[in-house]
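Report on one structure; see the data block that follows.
A short reminder: the numbers here are calculations on the coordinates, not readings from a lab. Since the model is a prediction, treat every value here as computed from it, not as a measurement. Reconstructed Cβ throughout: ideal geometry from the backbone, glycine too, with neighbour counts over all protein chains shown.
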Amino acid sequence: MERVVKYFGLAFLIALFSFQAIASEADVAHEAEEEFNVSEMIMHHVKDAHEWHLWGPEHGGTTIYLPVILKTKDGIKTFSSSHFYHGDIIHDGENHYFKGEGPAEGLAMFHEKIYELDSKGKLHFENGHVHGNVKPIDFSITKNVTSLFIGSFIIFMMMFSCARYYKRNGAVAPKGLAKFMEPLIVFVQDEIAKSHINEKNYKRFVPYLLTIFFFIWINNLLGLIPIFPGSANLTGNITITLFLATLTLILTLVNGNKNYWSHIFAPPGVPKALLPIMIPIEIVGIFTKPFALMIRLFANITAGHIVILALISLIFINKHEAWGALSVPMALFISVLELLVAALQAYLFALLSALFIGAAVEEAHH
Amino acid sequence: MDLVTPDLGLLFWTGIVFCSLLFLLAKFAWKPILTAVNDREKSISDALELAEKTREEMKSLKAENDQILKQAKAERDEILKDAKSTATSMIDDAKNKSKEEAQKIVDAAKDSIRSEKAAAMAELKTHVAALSLEIAEKVVRTELSSDEKQKALANNLASDINMN
């Protein structure tokens with residue numbers, strides 16, 4: 001098993017670095033002339049990207065170019081994102097986009113979204129949005145996907161090494177990583193799963209709750225690291241939170257017992273006349289709960305990133321280093337707060353999932 | 001608006017990665033860890049329970065021991081007391097007996113002394129009588145060896161009679 005894991009790790013690293021192409025520094029002059037746009041900079045950092053920018057100017061700095069995988073009408077196309085970032089920058093009014101070159105011929109990237117160029121080789125804009133151009137389905141290994149791989153790999157290695165410790169030493173008092181992880185694992189099992197899901201059913205959901213807890217926590221922490229392998233706003237991405245919330249919703253619906261459904265379609269103690277109002281409310285309620293889960297995690301993590309970036313931007317807005325004396329301590333304070341939020345949001349997501357699942361499998365007791 | 005628009009590609013990768021992570025962790029991490037932790041918890045609680053039980057047993061055993069010890073002590077005391085009283089009575093008996101014996105011996109000795117004395121007295125009396133007779137015979141003989149002496153005696157006797 002150990003060899004398989006090592007092999008997996010090696011393959012992962014090779015895969016990761018084979019996509020890496022480091023660009024030389026150039027093209028600084030063009031950047032400096034542009035007005036510093038705070039909201040654009042922040043949005044750029046908070047959103048997904050096809051490159052992993054390390055340092056240097058935005059275009060031409062040191063960057064890991066990530067692979068692009070597109071499903072176009074001609075089939076699946078795979079190439080490095082450097083074919084966009086190294087391509088021509090086309091200015092069209094207020095908008096500018098990268099025109100792909102080489103294998104990316106005929107494609108263009110506008111705000112990290114990839115479109116097919118029309119017959120004239122252009123993108124059409126309406127109110128700052130691309131209009132009319134075909135959008136191929138983008139399965140690229142973006143910054144968030146890479147971060148997802150790294151985060152999941154870290155979690156798996158951590159937990160696997162804990163598990164190995166127990167396998168080697170048997171049921172003894174833990175040491176090292178296991179000593180640190182065990183209280184958290186036991187906490188999730190006892191305080192989140194056991195105390196909110198009934199005794200009969202809670203064991204089934206412990207692996208899921210543990211996985212989402214550590215997945216959210218570790219990825220939150222990775223997002224707080226300002227440079228590779230951190231800095232991706234993975235858990236503050238609506239797609240990730242949507243996926244996790246949907247899993248909780250599916251678990252709730254699949255495991256909902258007779259008692260759960262009867263509370264929705266025939267709430268006890270409610271007069272018959274009110275049922276036409278109550279049933280739709282209850283049905284909406286099924287979806288609002290995971291919806292709130294999705295928004296809470298997304299908003300908390302994204303907000304944290306935005307606040308830190310905004311504080312750092314103070315220096316660049318005012319164009320003087322002295323502002324660092326204000327913005328750095330504040331950003332540090334928010335970063336420390338974010339450490340707390342990272343754990344808190346993971347806890348809340350797992351706790352609320354346990355609550356919803358607990359409500360779905362609860363036995364009738366009245 | 002992009003910020004709140006889910007992305008299909010990312011959703012696809014998230015689905016694959018999260019589901020495989022869930023599967024791998026459940027199989028290779030959570031199961032062994034939770035099994036180990038719960039087993040240990042169980043063994044600890046079992047051990048504690050056993051210790052508690054043992055303590056209870058020890059307590060009851062000790063109480064029993066104390067009871068037994070107490071009983072034994074009481075028994076010993078009784079035996080000692082019995083022994084003492086027996087000894088005392090034996091000594092008393094012995095004393096009494098020996099006293100009696102001594103008394104008997106003394107009495108027997110006294111009796112024999114008395115009878116010896118009586119016998120001796122009787123013998124002495126006989127001897128004295130015989131001796132007095134002999135003396136008297138000798139005296140009479142000397143007194144009556146001459147006429148004057150016979151006369152003197154007669155006178156003497158006669159004066160004695162007169163005094164009566």
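What the table below lists for this structure:
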| read-out | value |
| --- | --- |
| Scan of segment A:194-222 for residues that are over 18 Å from residue A:344 (Cβ atoms) and of a type in the set (A, V, I, L, M, F, W, C), ordered by number | A:197, A:205, A:206 |
| Complete set of residues in segment A:195-211 that are buried (at least 24 other Cβ atoms within 10 Å of the Cβ) and closer than 15 Å to residue B:18 by Cβ | A:209, A:210, A:211 |
| Residues that are of a type outside the set (D, E, K, R) and touching a residue at least 12 places away in the same chain (Cβ under 8 Å), drawn from segment A:122-136 | A:123, A:125, A:128, A:130, A:132, A:133, A:134, A:136 |
| Top-ranked residue of segment A:263-291 - restricted to ones that are in contact (Cβ under 8 Å) with a residue 60 or more places away in the chain and in a helix (DSSP H, G or I), ranked as nearest to residue A:349 (Cα to Cα) | A:290 |
| Positions within segment A:112-170 being part of a helix (DSSP H, G or I) and either in contact with a Ser or Thr (Cβ under 7 Å, 6 or more places away or on another chain) or among the hydroxyl-bearing types (Ser, Thr, Tyr) (or both), in sequence order | A:146, A:147, A:148, A:152, A:161, A:165, A:166 |
| Options A:213, A:139, A:187: the member that is aromatic (Phe, Trp, Tyr) and facing chain B (nearest Cβ under 10 Å) | A:139 |
| Test for residue A:311: is it in a helix (DSSP H, G or I) and in contact (Cβ under 8 Å) with a residue 40 or more places away in the chain | no |
| Residue in segment A:194-210 that is nearest to the other protein chains (Cβ to nearest Cβ), counting only those that are over 21 Å from residue A:297 (Cα atoms) and in a helix (DSSP H, G or I) | A:203 |
